[in-house]
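J.: Here it is, the structure, as structure tokens.
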Amino acid sequence: MGHIYISAAHKSSGKTSLSIAICAALNQRGMEVQPFKKGPDYIDPLWLTQAAGRPCYNLDFYTMERDEIDATFARAMRDADIGLIEGNKGLFDGLDLDGSNSNAALAAQLDSPVVLVLDTQGMTRGVAPLILGYQAFDPAIRIGGVILNKVGGSRHEAKLRRVIEHYTQVPVLGAVQRRPELHITERHLGLVPSNELASSAGQIQAMAGHVADEVDLEALLALASTAGAVPGLQEMPKPRFRAEPPMRIAYARDEAFGFYYTSDLEAFEQVGAELVPFSPLRDARLPEAEGLLIGGGFPEAHLEALASNQSMVGDIRRFIDRGGPAYAECGGLMYLSRRLTWNAKQGKMVGIIPADVVMHDRPQGRGYVRLVETDRHPWPLGREIAAHEFHYSALQDIGPEVEFAYRVERGYGIDGHHDGIRYRNLLASYTHQRDTGRNHWVARFVKFIRECRA
């Protein structure tokens, strides 16, 4: 079970596209490829999951303990042939000055050889000091090879290869030409999620074909085989509560709502809950369930369809108004508001939350957050919550009756000071939680559903 860490000198180097393509190319060979993503991303894991045919897991220093990262990595790798970890930002980028939460730190913890993806546009001889500098900055990090990306043609490739061979001892694992097929459409939060694109499967296959021709996959596999042993399989402490009998929870999953961590969905099953997917875009009725979950996504990109599905809007409004336990994050919060405005478009939403949502050109909240619960939280943890947010929207004309479940210690939330709107048995926030040893939010939510039913 080898593994490699795909990183870059800086963001937007093309490491996500190459990671997706490599997963798909190895999968086409019949290999079991296990993808991972560093950090709190939702969109890249959707693409990596589809490319590999296996669910992608997030590894994140901010929300997870180091032994939990090891345990998650080990469990996911149990029956895999190779693991591929895609980094975020640049190899040495991170929150702390000492780099303790950087990509390099995660690669060192997992003992993964690093493949450095280099955006070579406008670069020739300068590629050598870049590679040498990255090697010298932290000699403990094994940069096992580079992939030259966005290469301008065969002459450009030949020059780059000569420079690297002359000045460094780092092998070139591939040179990928600039091609429109390798570009995934982007918008305000990054890549367009694969669950929104009917063409995603075809695009992934096309990307895999190009990378199979231009990256030495045999050399990549050989490098992966030099990785350290996968950490010993260890079971992390699980929440004590288990729902009996099983609890049905309706959760929104379609093109508009798809931001769920793989491990969080698994946590629902572990505590005895059955997740029943439904589409706020297409389904006429809310499925029979004791609880409701609406995750993040891009409701603004589908606001007309969401607004026109009045039977679903009515079902959700009645469920919450009657005291049905519900939880919504970011896109879910937006959907439950009075109305949503994006550019020249406006649509009425569910109307449970007394506020309007307006999209902006710049992020209103972005990055890691730290929250402290207030006495209005419906299912409190009793300690600080480490999570993240990423939203271009903001609430306006918030009703004076709104009660907040969180005080924001780091981040922005709804107004820079508060997050988590409480209405009856609904909790809706901009914050995205992660079910980890520090914060078993899934078990607490399911326990709350059981209490409401009783």
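Since every read-out is calculated from the coordinates, none of them should be taken as a lab result. Every value quoted in this text rests on a predicted model; they were computed, and no experiment measured them. Glycine also receives a Cβ, built like all others from the backbone with ideal geometry; neighbour counts cover every protein chain displayed.
J.: Please rank L48, L132, L265, fewest neighbouring Cβ atoms within 10 Å first, as an exposure proxy. Spell out each step's value before the answer.
T.: Working: L48 29, L132 14, L265 18.
Ascending Cβ contact count within 10 Å gives the list L132, L265, L48.
J.: Residue farthest toward the positive end of the dipole of the chain, with Cβ of Lys/Arg at +1 and Asp/Glu at -1: which of Y423, A71, I20?
T.: Y423
J.: Right, something else. Among the GluC sites (Glu not before Pro) within segment 38-117, which fall in a DSSP loop and have no more than 16 other Cβ atoms within 10 Å of their own Cβ?
T.: Passing sites in segment 38-117 are E65.
J.: In segment 104-177, what is the volume of the convex hull around the alpha carbon atoms, normalised per residue and reported in Å³? Walk me through the intermediate numbers first.
T.: Details: hull volume 5.9 nm³, N = 74.
Enclosed volume per residue, from the Cα hull, is 80 Å³.
J.: For the chain, what is the charge dipole size about the Cα centre, in debye to the nearest 20, if Lys and Arg each add +1 at the Cβ and Asp and Glu each add -1 at the Cβ? Each step should come with its number before you reach the end.
T.: Numbers: 49 positive and 56 negative charges, 91 e Å.
Dipole magnitude for the chain comes out near 440 debye.
J.: Among the lysines, which fall within straight-line cross-link reach of K447, defined as a Cα-Cα distance under 25 Å, with same-chain neighbours fewer than 8 residues apart omitted?
T.: Once the sequence-local lysines are set aside, what remains near K447 is K238.
J.: Give me S19, S12, S225 ranked fewest to most by other Cβ atoms within 10 Å of their Cβ, as a rough exposure proxy.
T.: Working: S19 29, S12 10, S225 13.
Ascending Cβ contact count within 10 Å gives the list S12, S225, S19.
J.: Projected onto the charge dipole of segment 327-454 (+1 at Lys/Arg Cβ, -1 at Asp/Glu Cβ, origin at the Cα centre), which of L381, Y412, N343 gives the Cα projection farthest towards the positive end?
T.: So the residue we want is L381.
J.: State the Cα centre-to-centre distance between segment 410-454 and segment 124-180 in whole Å.
T.: Measuring centre to centre over Cα atoms gives 46 Å.
J.: Another question about this same structure. Alpha carbon centre of segment 348-386 versus segment 4-34: separation in Å?
T.: So the separation of the two Cα centres works out to 33 Å.
J.: OK, next. If contacts are Cα pairs under 8 angstrom and at least 6 residues apart, what is the relative contact order of segment 255-369 in percent? Intermediate values should be presented prior to the final figure.
T.: Numbers: 163 pairs, mean separation 26.8, N = 115.
Value for segment 255-369: 23 percent.
J.: Would you mind checking which residues have amide H under 5 Å from C56's amide H? H placed 1.01 Å from N; only 5 or more apart, or other chain.
T.: Placed amide hydrogens put T49 under 5 Å from C56.
J.: Using a Förster distance of 30 angstrom, determine the FRET efficiency expected from the C-beta separation of A158 and A219, and round it to 0.05. Mind showing how you got there, number by number?
T.: Working: r = 18 Å, r/R0 = 0.61.
Rounded to the nearest 0.05, the efficiency is 0.95.
J.: Expressed as cubic angstrom per residue, what is the convex hull volume of the alpha carbon set of segment 1-120? Before the final figure, lay out the partial values.
T.: Working: hull volume 11.2 nm³, N = 120.
Cα-based convex hull of segment 1-120, divided per residue, equals 94 Å³.
J.: Follow-up question, since we're still on this one. Which translational diffusion coefficient, to the nearest whole µm²/s, is obtained for the chain from the Stokes-Einstein equation, given a Kirkwood hydrodynamic radius over C-alpha pairs, 20 °C and 1.002 mPa s? It would help to have the intermediate numbers written out before the result.
T.: Details: Rh = 23.0 Å.
My calculation gives 93 µm²/s for D.
J.: Taking neighbour counts of Cβ atoms within 10 Å as a proxy for exposure, in what order, fewest first, do R161, R322 appear? Before the final figure, lay out each step's value.
T.: Working: R161 15, R322 9.
Listed from fewest to most nearby Cβ atoms, that is R322, R161.
J.: Segment 332-435: which trypsin sites (Lys or Arg not before Pro) are DSSP loop and have at most 11 other beta-carbon atoms within 10 angstrom? All intermediate terms of the calculation are to be shown ahead of the outcome.
T.: Working: sites: R338, R339, K345, K348, R366, R370, R376, R383, R407, R410, R422, R424, R434; in loops: R338, R376, R383, R424, R434.
Here the trypsin sites (Lys or Arg not before Pro) that fit, given the DSSP loop and packing criteria, are R383.
J.: Dipole magnitude of segment 247-453 about its Cα centre, charges +1 at Lys/Arg Cβ and -1 at Asp/Glu Cβ only, in debye to the nearest 20?
T.: Numbers: 26 positive and 28 negative charges, 45 e Å.
Here the size comes out at about 220 debye.
J.: Can I ask one more? Beyond 32 Å between alpha-carbons counts as too far, so tell me which of K15/K348; K38/K150; K89/K159; K150/K348; K89/K348 fall in that bin. Could the numbers behind the result be given before it?
T.: Details: K15/K348 39 Å; K38/K150 23 Å; K89/K159 27 Å; K150/K348 43 Å; K89/K348 37 Å.
Listed pairs above 32 Å: K15/K348; K150/K348; K89/K348.
J.: Provide the descending list of Cα extents for segment 247-453 along its principal axes, expressed in whole angstroms.
T.: The Cα atoms of segment 247-453 stretch 43, 37, 31 Å along their principal axes.
J.: Right, another one. Evaluate 2.2 N^0.38 Å with N set to the residue count of segment 2-224, then give the Cα radius of gyration divided by it.
T.: Values: Rg = 16.4 Å, N = 223, 2.2 N^0.38 = 17.2 Å.
Compactness ratio reported: 0.95.
J.: So how much slack lies between E304 and H166, counting 0.36 nm per residue of separation and subtracting their Cα-Cα distance, in nm? Please list the in-between numbers first.
T.: Numbers: separation 138, 0.36 × 138 = 49.68 nm, distance 5.80 nm.
Stretched out fully, the E304 to H166 stretch lengthens by 43.9 nm.
J.: Same structure again: Is it possible to state the helix-based mean residue ellipticity at 222 nm for the chain, with each DSSP H run of 4+ residues giving -39500 (n - 2.57), the sum divided by total residues, to the nearest 500 deg cm²/dmol? What is it?
T.: Working: 13 runs with 136 residues, N = 454.
Result for the chain: -9000 deg cm²/dmol, rounded to the nearest 500.
J.: Find which of G202, V172, L265 sits farthest along the positive direction of the dipole of the chain, computed with +1 on the beta-carbon of Lys and Arg, -1 on that of Asp and Glu, about the Cα centre.
T.: Sorting the options by dipole projection puts first G202.
J.: With a cap of 10 neighbouring Cβ atoms within 10 Å, and only residues DSSP puts in a loop, list the chymotrypsin sites (Phe, Trp or Tyr not before Pro) found in segment 120-168.
T.: Numbers: sites: Y134, F137, Y167; in loops: none.
Listed in order of number, the matching sites amount to none.
J.: Can you give the three extents of the C-alpha atoms in segment 371-454 along their principal axes, from longest to shortest, in whole Å?
T.: 36, 28, 20
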